[in-house]
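Take a look at the structure set out below.
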Amino acid sequence: GGIITQTPKFLIGQEGQKLTLKCQQNFNHDTMYWYRQDSGKGLRLIYYSITENDLQKGDLSEGYDASREKKSSFSLTVTSAQKNEMAVFLCASSMSREGNTLYFGEGSRLIVV
Amino acid sequence: TQTVSQSDAHVTVFEGDSVELRCNYSYGGSIYLSWYIQHHGRGLQFLLKYYSGNPVVQGVNGFKAEFSKSDSSFHLRKASVHWSDSAVYFCAVSGGNTGKLIFGLGTTLQVQP
């Protein structure tokens, strides 16, 4: 079986700082996703990528950048961290776009001080 | 526009009870429906999914879900819950080839001894 590794597990930064979360998968999946999870609000899609160097905006892309430099990795950058952005960020991957079963990482918690 | 509604934010049952977690969706075309489970502090794990065929789908750990086109529903059921089933359950829908999974807000299941 494969695994999705998110680093760091906790990311602490200051307001206004640029912060980056990383995600690696060894499933050899084509598609990767970044979701934001806020308490009581479920999961909201930030960015996804269907192949290396591809980027597609989700519903919550403003204030974020993403990068898919190789098939196995997908990084997410908070361009200017704000205190109301403290949430858990979940990375996922799937084999294809249609009927996709997503495999999730354990999550990265962003803390803005 | 795809939407997913989970009407119960919290469900509490006793060990050995049966449980039904409700999910309703709206979408005009062909869709994939799925359920995911999230234990505290972890990422989401796939439980089961439906696209076509038999409307009753069997998943892992005794979970099953039934698709109803007339009710626009995909409720999750388990005949006899265990304390380890305590978690948050997310219903999700994806349609066509968008590659995006839209999640409900989740239902927290608490199984008491």
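When each of the peptides B:63-76, A:5-18, A:28-41 is scored by how many other beta carbons lie within 10 Å of its residues on average, the order from highest to lowest is A:28-41, B:63-76, A:5-18.
Taken per residue, the accessible surface of chain A reaches 48 Å², heavy atoms only and a 1.4 Å probe.
Remark on region A:9-45: accessible area falls by at least 50 square angstrom from chain-alone to full-complex state for A:Leu43, probe 1.4 angstrom. For the pair B and A, the buried accessible area comes to roughly 1800 Å² in total, with a 1.4 Å probe and the value rounded to the nearest 100. Averaging the Cα positions of each part gives two centres, and for region B:1-80 and region A:23-50 these lie 20 Å apart. Each Lys and Arg adds +1 at its Cβ and each Asp and Glu adds -1 at its Cβ; summed about the Cα centre, the protein assembly as shown shows a dipole of about 260 debye. Along its three principal directions, the equivalent ellipsoid of the protein assembly as shown from the Cα gyration tensor extends over semi-axes of 29, 20, 16 Å, largest first. Structure note, pairs A:Lys57/A:Lys83; A:Lys41/B:Lys69; A:Lys41/A:Lys71; A:Lys57/B:Lys69; A:Lys57/B:Lys49; B:Lys49/B:Lys100: Cα-Cα distances above 20 angstrom occur for A:Lys57/A:Lys83; A:Lys41/B:Lys69; A:Lys41/A:Lys71; A:Lys57/B:Lys69; A:Lys57/B:Lys49. Can you list the residues of region B:64-113 whose accessible area drops by at least 40 Å² going from the chain on its own to the full set of protein chains, with a 1.4 Å probe? The answer is B:Asn97, B:Gly99, B:Lys100, B:Leu101, B:Phe103, B:Leu105.
Given a 1.4 Å probe and the protein chains as shown, A:Ser108 ends up with an accessible area of around 0 Å². Note on A:Lys18: aspartates and glutamates with a C-alpha under 15 Å away, same-chain residues under 8 apart excluded, are A:Glu62, A:Asp65, A:Glu85. Highest-first packing order for the peptide set A:49-57, B:85-93 is B:85-93, A:49-57, based on the mean count of other beta carbon atoms within 10 Å. Each Lys and Arg contributes +1 and each Asp and Glu -1, all at the Cβ; summed about the Cα centre of chain A, the dipole is approximately 220 debye. Dipole size of region B:3-112 about its Cα centre, with +1 on Lys/Arg Cβ and -1 on Asp/Glu Cβ: approximately 340 debye, rounded to the nearest 20.
The Cα trace of region A:74-113 gives Rg and Dmax of 13.1, 40 Å, the first to one decimal, the second as a whole number. Counting only other chain Cβ atoms within 10 Å of each residue's Cβ, the peptide A:100-107 averages 6.
The values are calculated or read from the model by the stated rules, or taken from the named source; none is laboratory data. Not measured: the values here are computed from a predicted model. Note that we place each Cβ from the backbone using ideal geometry, even for glycine, and neighbour counts take in every protein chain shown. Surface areas here come from the heavy atoms of the whole protein model, side chains and all, with no ligands, DNA or RNA. Shrake-Rupley method; radii C 1.70, N 1.55, O 1.52, S 1.80 Å.
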